[in-house]
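The values are calculated or read from the model by the stated rules, or taken from the named source; none is laboratory data. Quantities reported herein were computed from a predicted structural model and do not represent experimental measurements. Positions of Cβ are backbone-derived with ideal geometry, glycine not excepted, and every protein chain shown enters the neighbour counts. Accessible surface areas use protein heavy atoms only, side chains included; no ligands, DNA or RNA. Shrake-Rupley method; radii C 1.70, N 1.55, O 1.52, S 1.80 Å.
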Amino acid sequence: MCSSDLAALNNVAMIAIDTGDFGRAQRLLEETLALKRALGHPRSVALNLANLADVFLKTGQAGRAAEALAEAADLGAGLGDVQLAGTIACNQGDLARLRADFAHAVSYYNRALECYRSAGNTHDVVLALCGLGVALHHLGQPGRATRLLREAETLATSQGNSNRLPEVR
């Protein structure tokens with residue numbers, strides 16, 4: 001399978017995530033992960049693991065998400081890819097939040113926010129702002145949480161990113 005076929009398969013998996021078809025997304029991401037491992041592309045494997053962890057989180061598989069994120073973090077550590085680091089950190093924040101470890105979630109989301117802003121990826125800044133806002137709310141900081149969520153809403157609206165608005169609200 002060539003790299004454009006892998007990219008297409010991965011894109012179909014991402015569409016499955018966006019439409020809530022998590023079973024299909026998991027199958028496709030596991031298939032592409034095996035192929036990417038065989039090709040030996042560490043960045044691609046790490047990103048695939050982060051995407052798979054997202055599916056695990058959305059389906060309540062916290063243990064599997066933790067394993068995928070640990071491997072993704074190990075692979076991504078030496079790559080110097082801030083976007084990848086942000087994706088991993090944001091998912092780690094989601095995992096910490098799922099486990100009601102809000103203090104660690106805040107730390108991860110702050111790291112993700114720093115990475116996404118550095119990479120210039122405003123789409124993902126919205127995700128980190130949302131996670132950070134929710135975690136801060138749980139830590140008894142509703143004023144700061146509300147400001148962050150409003151910032152996320154403004155950013156999502158200005159980008160025409162309607163997929164994120166329900167999550168923000």
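Observations, loosely collected:
- Residue among 24, 97, 64 that is touching a residue at least 24 places away in the same chain (Cβ under 8 Å) and either in a loop (DSSP other than H, G, I, E, B) or open to solvent by 60 Å² or more (accessible area, probe 1.4 Å) (or both): 97
- Scan of the stretch 32-61 for residues that are of a type in the set (D, E, K, R) and crowded, with 19+ Cβ neighbours inside 10 Å, ordered by number: 36, 54
- Of all residues in the stretch 108-115, one or more are in a helix (DSSP H, G or I), under 20 Å from residue 55 (Cβ atoms), of a type in the set (Phe, Trp, Tyr) and modelled with pLDDT of 95 or more.
- Matching residues in the stretch 115-124 - criterion: being farther than 18 Å from residue 58 by Cα, under 13 Å from the mean Cα position of the chain (by Cα) and surrounded by fewer than 23 Cβ atoms within 10 Å (Cβ to Cβ): 121, 123
- If you check 112, 135 for being crowded, with 19+ Cβ neighbours inside 10 Å and touching a Ser or Thr at 6+ places or on another chain (Cβ under 8 Å), only one passes: 112.
- Looking across the stretch 75-94, the residues that are among the aliphatic types (A, V, I, L, M) and assigned to a loop (DSSP other than H, G, I, E, B) come down to 77, 79.
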